[in-house]
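Everything on this sheet refers to the single structure shown next.
The values are calculated or read from the model by the stated rules, or taken from the named source; none is laboratory data. As the structure is a prediction and not an experimental result, all values here were calculated from the model. Cβ placement follows ideal geometry from the backbone for every residue including glycine, while neighbour counts extend to all protein chains displayed.
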Amino acid sequence: MGFSQEMSETRTSVAQLASWCLTVALHQEFGIGAGRLERLAKALRRIQEENVAAVLSQGTEAAARQREGWIQGKVEMDFPVPLLRAPRTRREKQLRMAGDEAAATAWQIYAAGVIQELRFGPDRLERLRQAGRDNYRQFNQWSSEDGLEVAMERLRRCVHAALQEEVRIVDERSSHYREDAAAMEQDLRAAQAMAHRIQASRVLAVPGISHTDAEKGEIFARCAAETANLWRHR
């Protein structure tokens with residue numbers, strides 16, 4: 001595996017785990033049930049699509065400002081990934097930075113959805129952020145002590161309890177992950193097509209904007225927010 005691919009997979013994995021940990025926190029810390037989580041998932045999909053459209057039509061900085069506007073200064077924007085030890089090598093530090101960026105973006109979109117759908121204020125948002133990080137730390141502890149498969153199964157059970165239905169937590173090395181990744185890519189391309197239509201209709205849009213495959217991958221990794229429905233059985 002090349003380093004660029006490892007960076008991309010790190011971003012995707014971290015965003016997925018951060019969102020699952022936040023979903024579990026909503027259920028365990030705030031008593032949010034399956035029905036409200038379902039409505040939140042719909043709000044998150046809409047917010048994600050809007051943010052992807054902003055990236056494609058205006059750039060990543062504009063998309064970041066959009067997320068800041070949604071959050072309105074009600075909570076911290078970062079979501080540092082809890083690690084069991086500090087990164088040592090340059091490679092580990094780069095992966096840590098990529099993971100923190102992906103987690104921050106996932107958190108910002110998740111927080112925007114929680115503000116809009118659940119009407120959380122600053123205090124509850126910060127409690128959610130800390131509870132989500134605590135859950136992520138617990139996942140890493142499970143993985144270190146008992147192995148990745150055991151950790152994923154325990155996380156699956158927690159999410160199952162929140163959603164009240166069977167869910168599948170994916171291992172990137174499995175064929176199921178590759179199938180889900182292909183489906184996610186298809187969803188992204190649909191969102192990109194929508195964004196290009198929006199761009200074409202804007203009087204002030206810059207014409208002729210194009211993106212390489214690598215840039216599209218970066219856009220997805222930075223803007224994708226894993227929602228409460230994303231990894232359900234298809």
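A few comments on the model shown:
- Being among the charged types (D, E, K, R), modelled with pLDDT of 95 or more and out of contact with any His (no Cβ under 6 Å at 6 or more places or on another chain) is not true of LYS93.
- In this structure, ARG85 does not qualify as in contact (Cβ under 8 Å) with a residue 60 or more places away in the chain and surrounded by fewer than 14 Cβ atoms within 10 Å (Cβ to Cβ).
- The residues on offer are VAL75, VAL55, and the sole one that is buried (at least 21 other Cβ atoms within 10 Å of the Cβ), touching a Lys or Arg at 6+ places or on another chain (Cβ under 8 Å), modelled with pLDDT under 95 and of a type in the set (A, V, I, L, M, F, W, C) is VAL55.
- Looking across the range 1-56 at every residue that is in contact (Cβ under 8 Å) with a residue 40 or more places away in the chain and outside any helix (DSSP H, G or I), the one that is farthest from LEU163 (Cα to Cα) is identified as ILE32.
- Against the numbered list (1) modelled with pLDDT of 90 or more; (2) surrounded by fewer than 21 Cβ atoms within 10 Å (Cβ to Cβ); (3) under 15 Å from the mean Cα position of the chain (by Cα), LEU40 comes up short only at (2).
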